[in-house]
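Novice: Have a look at the structure that comes next, please.
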Amino acid sequence: MTTPKQSPELHADLIEQLRAIGSEFHARSWSLGTSSNYSAVISQSPLQLLITASGKDKSALGRNDFVCVNATGNPIDSSQPRSSAETLLHCLIAQLVPTVGAVLHTHSVWSTILSDADLPRGCLRIEGYEMLKGLEGIGTHDTFEELPIFANSQSMPELADRIRSRFAAADWNNPARQPFHGFLLARHGLYTWGRDITEARRHIEIYEFLFEVIARSRALPQSPPPRQE
């Protein structure tokens, strides 16, 4: 049986949502210049994604600035524009994360700084903040999330292998809460996901708030211990 080809114009609603994401994220300094890429799952079997085309200004995405790709990240129709080199990571996340419907990738100042600072630990630990409750499945501030950090690479297959190994070591069997909701590439940015574009957007917003809080807190002078009377 032949799978019908997908064209971006068939997914006008998803395109409009992702265009709005680009405009918002650019305004909030999370997707400046041609950085970042966004995708939405349009088919699980076979896996197909709608993703931003390569080299596009995210503040002004046009309706034709999207590509439909298959599970290997290749355009389903060769007449479509080229997608980002990081398309393979979107495909990988869609394969590894249960119920994923959208993947968003941003390049903010705070994610770039923290991903570099905490790369030696291999993760960014976020603990005790009320805003953690904005991540799907978390219902209390009295918890933590350890966001994996990977050294960046120009070889997407090599990077994908490292990410796949980290996902395989985590417990994804708890239906109430994922072991983590995103990951960082060092000196690069954030990847996160959700069941749909709305949830993935919320995760970006929650993480970016927490990144700024953590980075600014680290810059504050340490308070002296209380005096003993």
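No lab work stands behind these numbers, since they all come straight from the coordinates. Here the structure is a predicted model, which means the values were calculated and not measured. Note that we place each Cβ from the backbone using ideal geometry, even for glycine, and neighbour counts take in every protein chain shown.
Novice: When a footprinting reagent is the concern and you count Cβ atoms within 10 Å, what order do H90, H26, H107 take, fewest first?
Specialist: H26, H107, H90
Novice: Could you grab the relative contact order for segment 8-218? Cα pairs under 8 Å, six or more apart, rounded to a whole percent.
Specialist: RCO, segment 8-218: 20 percent.
Novice: Another one. Residue by residue through segment 178-195, what is 3J(HN,Hα) from phi via Karplus (6.51 cos²θ - 1.76 cosθ + 1.60, θ = phi - 60°)? Round to whole Hz and write x for glycine and proline.
Specialist: 6, x, 7, 10, x, 8, 10, 9, 4, 6, 9, x, 10, 10, 9, 8, x, 5
Novice: Only Cα pairs under 8 Å and at least 6 apart count here; give the relative contact order of segment 136-201 as a rounded whole percent.
Specialist: For segment 136-201, the relative contact order is 36 percent.
Novice: Among G137, S78, T112, whose Cα sits farthest toward the positive end of the charge dipole of segment 2-161 (+1 at Cβ of Lys/Arg, -1 at Cβ of Asp/Glu, about the Cα centre)?
Specialist: Looking along the dipole axis, the top candidate is S78.
Novice: Would you mind ranking L220, L190 so that the residue whose beta carbon has the fewest other beta carbons within 10 Å leads the list?
Specialist: Lowest to highest Cβ neighbour count: L220, L190.
Novice: What shape does segment 26-113 have by the C-alpha gyration tensor, where a ≥ b ≥ c are the square roots of the eigenvalues, rounded means a/c under 1.5, and otherwise prolate means a/b greater than b/c and oblate the rest?
Specialist: Cα axes put segment 26-113 in the oblate bin.
Novice: Skipping prolines and chain starts, which residues have an amide H placed within reach, meaning under 5 Å, of the one on S83, given they are 5 or more residues away or on another chain?
Specialist: Hits under the 5 Å cutoff: S54.
Novice: Shifting gears a bit: Post the alpha-carbon centroid distance, segment 125-194 to segment 78-107, in whole angstrom.
Specialist: 16 Å
Novice: Do any trypsin sites (Lys or Arg not before Pro) in segment 22-81 lie in a loop, going by DSSP, with at most 16 other beta-carbon atoms within 10 Å of their beta carbon, and if so which?
Specialist: R28, R63
Novice: Further question: Charges only on Cβ, +1 for Lys and Arg, -1 for Asp and Glu: so what's the dipole of segment 8-218 about the Cα centre, in debye to the nearest 20?
Specialist: Around 280 debye, computed over segment 8-218.
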